[in-house]
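Undergrad: Sharing a structure here in C-alpha cells format.
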Amino acid sequence: MKATENTPIKIREELKNKRKLLFKLFLNNPMHTSLAVDIKALDDQLADWTQTACVDLGEAKTSSTHFQ
C-alpha cells in the first residue's frame, strides 16, 4: 500500500479549511477569544507554508514588492 503523501499544497488546504471552520465559529460567538488566538496561529502557519513554497520554487520576493 502506498502512504498518503502530504504535499505542501495539501497541507496548506487543510490549514485553510481549519481556519474557515474556526472563523465561522468565531462569527457566531465573537466573545470566545481563544478562537481568535487559534485563527491567528493558523494564519501564521499558512504564512510560513506560503513562504516555504515560494522559496522552494525560487520565487521568493522581498516583502516591499508585495504591497506596491
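Undergrad: Full-extension gain between THR7 and ALA47, please, as 0.36 nm times their residue separation minus the C-alpha to C-alpha distance.
TA: 12.8 nm
Undergrad: At 10 °C and a viscosity of 1.306 mPa s, what translational diffusion coefficient does Stokes-Einstein give for the stretch 8-55, taking Rh as the Kirkwood radius over Cα pairs? Give it in µm²/s as a whole number.
TA: 143 µm²/s
Only the coordinates and a few stated rules stand behind these numbers; no lab work does. Model, not experiment: these values are computed from the prediction.
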